[in-house]
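The values are calculated or read from the model by the stated rules, or taken from the named source; none is laboratory data. The shown structure was predicted, so the numbers you read here are calculated from the model rather than taken from an experiment. In this analysis, Cβ positions are derived from the backbone assuming ideal geometry, glycine residues included, and neighbour counts consider all displayed protein chains. Areas reflect the complete protein model, heavy atoms only, side chains present, ligands, DNA and RNA absent. Shrake-Rupley method; radii C 1.70, N 1.55, O 1.52, S 1.80 Å.
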Amino acid sequence: MTTLKIGIPPFVLELTVDDLQKLGKSIGTLLKRKNFNGYYHIIARHSGKALDVSDFSQENCANVFQFSLHGGVNQQWLLVKTPDNYYYIFARHSGKCLDVQEYKQDDCANVWQYAFHGGDNQKWELRDLGNDYFHIIAKHSGKALDVSDYNKNDTANVFQYTLHGGDNQQWKLVPVK
């Protein structure tokens, strides 16, 4: 197998062609990560409905569900990139963070808004599906943001669930105009 030796005193790196290809792919993935400026509506693919904080609540533990897009500030979300390449997702109307209830790891653990504390249950990975949609994955559990039972109705609950790739786990970020 062909290797490349790179001398950087006092070190010598030996890399195979395969290693270089893997490194190139990793660098390419990192360069493709998106930065999101401004506020977004987060839209469920299966229903076309927006991620929404119940009743414009300002309180901790206010439920998050899907609802027909009306453009209210309780449907507008600010994504803030973390140093470890996750995102905090803040509700515009309350300044509270999208949060998995009590750091729960199990399927169907509720998602609500909660005061920012920086825990891993408030960090979300955006996995780009390459079609303007994302899986939104909770860092602490590795589970996806999911609309319960593929429900298309207003107020259908949103929780975390094992990633299965269904349309109820695919989300589009639409800039607020």
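Pairs exceeding 31 Å between alpha-carbon atoms, taken from K96/K143; K22/K177; K123/K177; K22/K96; K22/K49: K22/K177; K22/K96; K22/K49. I'd like the accessible area for E102: 1.4 Å probe, protein heavy atoms, all chains in place, Å² to the nearest 10. Around 120 Å² of this residue is reachable by solvent. For the stretch 124-177 and the stretch 36-111, what is the separation of their Cα centres, given in Å? Here the two parts' Cα centres lie 11 Å apart.
Summarised in one figure, the compactness ratio Rg/Rh of the stretch 103-156, Cα atoms and Kirkwood Rh, is 0.98.
Compute the accessible area per residue over the chain, keeping the other protein chains in place, probe 1.4 Å, unit Å².
On the way: 9410 Å² over 177 residues.
Heavy-atom SASA per residue in the chain reads 53 Å².
Computed 3J(HN,Hα) for the stretch 164-177, one whole-Hz value per residue from the Karplus formula 6.51 cos²θ - 1.76 cosθ + 1.60 where θ = phi - 60°, is 10, x, x, 4, 7, 10, 10, 10, 10, 9, 10, x, 6, 9, glycine and proline marked x. When the accessible area of the stretch 54-177 is computed with all protein chains present and a 1.4 Å probe, what percentage of it is carbon and sulfur? Answer for the stretch 54-177: carbon and sulfur cover 48 percent of the accessible area.
Peptides 159-165, 136-142 ranked from most to least packed, by the mean per-residue count of other Cβ atoms within 10 Å: 136-142, 159-165.
Dipole magnitude of the chain about its Cα centre, charges +1 at Lys/Arg Cβ and -1 at Asp/Glu Cβ only, in debye to the nearest 20?
Numbers: 19 positive and 19 negative charges, 130 e Å.
Taking the Cα centre of the chain as origin, the dipole is about 620 debye.
Answer rounded, prolate or oblate for the chain, using the Cα gyration tensor with square roots of eigenvalues a ≥ b ≥ c: rounded when a/c is under 1.5, else prolate when a/b is larger than b/c, else oblate. Prolate is the answer for the chain, as a/c is 1.5 or above and a/b outweighs b/c.
Keeping every protein chain in place, order T16, T2 by accessible area at 1.4 Å, biggest value first, i.e. largest first. Walk me through the numbers on the way to the answer.
Numbers: T16 25, T2 95 Å².
Order by accessible area, largest first: T2, T16.
Could you state the angle between the C-alpha long axis of helix 17-32 and the longest principal axis of the C-alpha atoms of the chain, as a value from 0 to 90 degrees rounded to the nearest 10? Approximately 30 degrees, to the nearest ten. Below 11 angstrom from the Cβ of V73, what's the summed charge of the other residues (Lys, Arg +1; Asp, Glu -1)? Net local charge, V73 excluded: 0. The amide H of Y39, built 1.01 Å from its N in the peptide plane, has V176 as neighbours under 5 Å, considering only residues 5 or more places off or on other chains. Set Lys and Arg Cβ to +1 and Asp and Glu Cβ to -1, take the dipole of the chain about its Cα centre, and tell me which of N153, S57, W124 lies farthest positive. Highest projection toward the positive end goes to W124. Largest GNM mean-square fluctuation across L129, L78, L51, computed for the chain with C-alpha springs under 10 Å, falls on L129.
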